[in-house]
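Data block below; observations after.
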Amino acid sequence: MGIPQFTDIMSLSNTEISAAIIETENKLFNLRFKKATRQNFKAHEIKYTKRRLAQLKTLLTLRLQKLEQKEEDLITN
């Protein structure tokens, strides 16, 4: 598992991105829980999961802003 790339998620739909966000948040919670309870885990997974979550949220935000801009353009024209 390498560092997550932004290009990997560009092809996902908005609903798939939303589902991936929920899944990633759960994974991050579990990793933090393992850390707090001193269970075995790979420390780099927290960094990678946080990065993945940021990428997913950024992409979803950009797409939603683009949709809003299109709606505003249709209304003004």
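Each reported figure results from applying straightforward, stated rules to the coordinates on display, with no laboratory input. What you are looking at is a predicted structure, and each value in this text was computed from that prediction instead of being measured. Don't worry about glycine lacking a Cβ; one is built from the backbone with ideal geometry, like all the others, and counts go over all protein chains shown.
Between the alpha-carbon centres of region 1-26 and region 30-65 there is a gap of 11 Å. Helix 44-76: angle to the longest alpha-carbon principal axis of the chain, degrees 0 to 90, nearest 10? The two axes meet at around 10 degrees.
For the pair Thr58 and Glu23, label points projected 7 Å from Cα toward Cβ lie 2.1 nm apart.
Putting +1 on Lys and Arg Cβ atoms and -1 on Asp and Glu Cβ atoms, find which of Leu74, Thr37, Thr49 reaches farthest to the positive end of the dipole of region 13-76. Value: Thr37. With neighbours defined as other Cβ atoms within 10 Å of a residue's Cβ, the residues Lys47, Lys34 order from fewest to most as Lys47, Lys34. Here the translational diffusion coefficient of the chain follows from Stokes-Einstein with Rh set to the Kirkwood radius across Cα pairs; for 20 °C and 1.002 mPa s it amounts to 152 µm²/s. Here region 1-29 is scanned for amide nitrogen atoms under 16 Å from the site 7 Å beyond the Cα of His44 along Cα-to-Cβ, giving 1-5. Dipole magnitude for the chain: about 780 debye, using +1 per Lys or Arg Cβ and -1 per Asp or Glu Cβ, origin at the Cα centre.
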